[in-house]
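The values are calculated or read from the model by the stated rules, or taken from the named source; none is laboratory data. Keep in mind it's a predicted model, so treat the numbers as computed, not measured. Don't worry about glycine lacking a Cβ; one is built from the backbone with ideal geometry, like all the others, and counts go over all protein chains shown.
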Amino acid sequence: MWKFYQRKWYSFSKIILNKNNMKVALINSGISNIKSVHNMIKMVGYESIFLNNENDYDKDISHLIIPGIGSFDTGINNLKIKGFDQIIHDHISNEKPLLGICLGMQLLTEGSEEGCLPGLSIINNSCKKFQPSKAFKVPHMGWNYVEPCNSSKLLANISKPKFYFVHSYFLSREIKYASSLCNYSVNFCSSFEKNNTFGVQFHPEKSHKYGFQLLKNFINIK
């Protein structure tokens, strides 16, 4: 069924969505599944470019995505070595849409119990580790439903949203900008929206039609 959905929407998207002339860029931090994100964006009807260092960024980029898997300190260190930390802050200051995925979302916070380095501090909160138990193994891995809260641009037109998660650290549900919550032994923030800055703890690129619609929503934000 999903393969049919892929073919149907890919052909439709190429005809309709490319008219918007959006320029989507993916930050290549060296520890991400960037190709999977690129492929899903292509299904939505857009091409995306890879940024390997700060010199690859240009003012015509409309949407910036930070994919990420791996450890917090390695992730934040790689961003700084390649000069992406300032690029991210400038992109946000210019009120352009930015999306952090999984570790990419966590790097937008003040820090994590996983490491000792400070994050980018776009969100004034830190990530905590799940406590394992017989009922709840760590990492939290697999499909899970999310509950939208407040008005979410990313989750628009998604009925009963569920996404694929792989993570051991989480952001508290108490953050001011939470746009959806999820439960895995505790309630946690599964996505946030702060002006045009967005973060998702799950992997839209692995979440079939739900991730397709979410990325479509993101790219249509101006």
Exercise. Sort out which residues of the stretch 41-89 are touching a Gly at 6+ places or on another chain (Cβ under 6 Å), of a type outside the set (Val, Ile, Thr) and not in a loop (DSSP other than H, G, I, E, B), and write them in order of number.
Key: Glu54, Phe72, Asp73, Gly75, Asn78
Self-check item: Residue check, Phe136 modelled with pLDDT of 95 or more and under 21 Å from Gly119 (Cβ atoms)
Solution: no
Quiz item: Do we find a residue being surrounded by 14 or more Cβ atoms within 10 Å (Cβ to Cβ) and basic (Lys, Arg) anywhere in the stretch 79-95?
Solution: yes
Quiz item: Hey, does the stretch 148-161 have a residue that's in contact (Cβ under 8 Å) with a residue 40 or more places away in the chain and part of a strand (DSSP E or B)?
Solution: no
Quiz item: Which members of the stretch 79-99 meet the condition of being in contact with a helix residue (DSSP H, G or I) (Cβ under 8 Å, 6 or more places away or on another chain) and on the phi < 0 side of the Ramachandran plot?
Solution: Leu79, Lys82, Phe84, Asp85, Gln86, Ile87, Ile88, Pro97, Leu98, Leu99
Self-check item: Lone unmet requirement of (1) part of a loop (DSSP other than H, G, I, E, B); (2) at pLDDT 95 or above; (3) among the hydrophobic types (A, V, I, L, M, F, W, C) for Phe188
Solution: (1)
Quiz item: Among the residues of the stretch 87-115, which ones are touching a Cys at 6+ places or on another chain (Cβ under 8 Å) and not hydroxyl-bearing (Ser, Thr, Tyr)?
Solution: Gln106, Gly111, Glu113, Glu114
Practice problem: Hey, could you check the stretch 127-147 for residues that are exposed (fewer than 15 other Cβ atoms within 10 Å of the Cβ) and assigned to a loop (DSSP other than H, G, I, E, B) and say which is farthest from the chain's Cα centre (by Cα)? | Solution: Lys134
